[in-house]
Structure formats: C-alpha cells, structure tokens
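Q: I am attaching a structure below and will ask some questions about it afterwards.
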Amino acid sequence: LALPDALVALAGDEHRHLAPEFHRLFMARADEVMVPRATIYPFAGPLLASLRAAGLRTAIVSNKEAFRIEGILARFGLQGAADTIVGAGDVASPKPAPDALLLALERLHTPRAQALYVGDNVVDAQAAAAAGLRFVAVTTGTTPASALAAWRPIAILPDASGVLDLLDHR
C-alpha cells in the first residue's frame, strides 16, 4: 500500500492527519535498512536472465522507490537485470492505481495485450485489473491464494520461478 493507506490500515482513519510525519519517518528508516537488509529469492536472477534470453522485456514495478530497487539489485550483482524499474516516485498515483504499470508498458514499448504482470498481493491484482493486464498471482507474499483467486489470475503459482514455463505453455 501507499504509505498514507498503510497508516490508515494499521492505525485507523482518525490517524490520517499523521501521514506526512509517518512518511518522513518511514523514509528515514528505509534509507537505513531497506537496501542492506533486503533479500531476494534464489531464482530471481536466473529467472530475469531466462526471460531476457527468451527475448522478453522485463520491468520491476514497485510501490518502493526505484533507487531502492536499483540498490538491492546492485547489492546482488543484478544491476541491469530488468529493462526498466518503475517506483512510487515515478508516478502520481502508486498501485493499486494503474499508473506505474502503464508507465512500465510505455517504457518497454509493449502493448497491454502482450504484457503479463506477476504479483503477490491484492494491490498487485487491483493494479493489473485497473491497467487491463493479464495477471499471474504468486503466493510468496503474505496474501493467501484464496484472496488472489478472487481476482481471477491466469494462474496462481507458489513463486515466480514458474513464469517462464507458464509462458511456454500459453
């Protein structure tokens, strides 16, 4: 969720007025911990490389800031592994709004009908629906498959490592 929405989800709407301070504090802490403490799934690098080898363009679309995603990728030797990275600061409205996904498509020069979005939570599913994209749900996050199924993804996978196989069998 966007930080103001996360604050409301955690503390209630009566605390919405604290969103600017919550954002400031969150970002200060994120600057300290997000890149150095992030982990990635062991299949992430090989999957991105395999997608590229198959001639597919890739984007990472996140409600995190793009520079943090870039820092995490660099930390694991994966700089340049995705064709583009779209973060929260790149668009007026973060996911679940479609803005970030649409910007990724624009940067990739890819029509919606040729795109597939992979995500692990309801916000991802909502963003895909709002952007008119096919959606593959993965259960590596905290969202159960049953909540993701409600959004009618084309598949629900245990993790993103199966995406290339899914594309080979479409």
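Q: Taking only pairs six or more apart or across chains, which ones have beta-carbon atoms under 8 Å, a first residue in region 26-48 that is modelled with pLDDT of 95 or more, and a second residue that is loosely packed, with under 10 Cβ neighbours inside 10 Å and not aliphatic (A, V, I, L, M)?
A: Pairs that qualify, where the first residue is modelled with pLDDT of 95 or more and the partner is loosely packed, with under 10 Cβ neighbours inside 10 Å and not aliphatic (A, V, I, L, M), are GLY45/GLY77.
Q: Within region 50-61, can you find the residues that are of a type in the set (Gly, Ala, Ser), in a helix (DSSP H, G or I) and surrounded by 13 or more Cβ atoms within 10 Å (Cβ to Cβ)? If you could, list the steps in order and put the result at the bottom.
A: Step one: list which residues in region 50-61 are of a type in the set (Gly, Ala, Ser), which gives 50, 53-55, 59.
Subsequent filtering for residues that are in a helix (DSSP H, G or I) retains 50, 53.
Answer for region 50-61, where residues must be of a type in the set (Gly, Ala, Ser), in a helix (DSSP H, G or I) and surrounded by 13 or more Cβ atoms within 10 Å (Cβ to Cβ): just SER50.
Q: Is at least one residue of region 140-149 small (Gly, Ala, Ser), assigned to a loop (DSSP other than H, G, I, E, B) and surrounded by fewer than 17 Cβ atoms within 10 Å (Cβ to Cβ)? Outline the logic, then answer.
A: Keep residues of region 140-149 that are small (Gly, Ala, Ser), which gives 141, 145-147, 149.
Now drop any that are not assigned to a loop (DSSP other than H, G, I, E, B), which leaves 141.
Remaining after also requiring surrounded by fewer than 17 Cβ atoms within 10 Å (Cβ to Cβ): 141.
For region 140-149, residues small (Gly, Ala, Ser), assigned to a loop (DSSP other than H, G, I, E, B) and surrounded by fewer than 17 Cβ atoms within 10 Å (Cβ to Cβ): present.
Q: Taking the options ALA30, ALA82, name whichever one is in a helix (DSSP H, G or I) and either aliphatic (A, V, I, L, M) or under 26 Å from LEU108 (Cα atoms) (or both). First the steps, then the outcome.
A: Details: ALA82 fails: in a helix (DSSP H, G or I).
After applying the criteria, what remains is ALA30.
Q: Out of everything in region 12-42 that is in contact with a helix residue (DSSP H, G or I) (Cβ under 8 Å, 6 or more places away or on another chain) and open to solvent by less than 50 Å² (accessible area, probe 1.4 Å), what residue ends up being farthest from GLY87 (Cα to Cα)?
A: Narrowing region 12-42 to residues in contact with a helix residue (DSSP H, G or I) (Cβ under 8 Å, 6 or more places away or on another chain): 15-16, 18-19, 22-23, 26, 30, 34-36, 38, 40-41.
Cutting the leftovers down to open to solvent by less than 50 Å² (accessible area, probe 1.4 Å) gives us 19, 30, 34-35, 38.
Details: ALA19: 19, ALA30: 14, MET34: 14, VAL35: 14, ALA38: 16 Å.
Of everything passing the filter in region 12-42, ALA19 is farthest from GLY87 (Cα to Cα).
Q: Which of (1) open to solvent by 30 Å² or more (accessible area, probe 1.4 Å); (2) not in a loop (DSSP other than H, G, I, E, B); (3) not hydrophobic (A, V, I, L, M, F, W, C) does GLY45 not meet, given it meets every other one?
A: Of (1) open to solvent by 30 Å² or more (accessible area, probe 1.4 Å); (2) not in a loop (DSSP other than H, G, I, E, B); (3) not hydrophobic (A, V, I, L, M, F, W, C), only one is false for GLY45: (1).
Residue-wise test of (1) in contact with a strand residue (DSSP E or B) (Cβ under 7 Å, 6 or more places away or on another chain); (2) open to solvent by 40 Å² or more (accessible area, probe 1.4 Å); (3) charged (D, E, K, R); (4) in a strand (DSSP E or B).
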residue	(1), (2), (3), (4)
GLY89	no, yes, no, no
PRO94	no, no, no, no
LEU105	no, no, no, no
VAL118	yes, yes, no, yes
ALA130	no, yes, no, no
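Q: Here's something else I'd like to know. Applying the selection to region 62-79, what residues are in a helix (DSSP H, G or I) and open to solvent by less than 60 Å² (accessible area, probe 1.4 Å)?
A: Keep residues of region 62-79 that are in a helix (DSSP H, G or I), which gives 66-75.
Within region 62-79, ALA66, ARG68, ILE69, GLY71, ILE72, LEU73, ALA74 meet the criteria.
Q: Moving to a separate point now. When you look at ALA147, is it without any contact (Cβ under 8 Å) to a residue 60 or more places away in the chain and of a type in the set (A, V, I, L, M, F, W, C), yes or no? Break it down into steps so the answer makes sense when it comes.
A: Working: without any contact (Cβ under 8 Å) to a residue 60 or more places away in the chain: yes; of a type in the set (A, V, I, L, M, F, W, C): yes.
Here the answer is yes, as ALA147 does meet what is asked.
The values are calculated or read from the model by the stated rules, or taken from the named source; none is laboratory data. Values in this document were obtained by computation on a predicted structure and should not be read as measured data. Counting neighbours? That spans all protein chains shown, and the Cβs are built from the backbone with ideal geometry, glycine included. Calculation scope for accessible area: heavy atoms of the full protein, side chains included, ligands and nucleic acids excluded. Shrake-Rupley method; radii C 1.70, N 1.55, O 1.52, S 1.80 Å.
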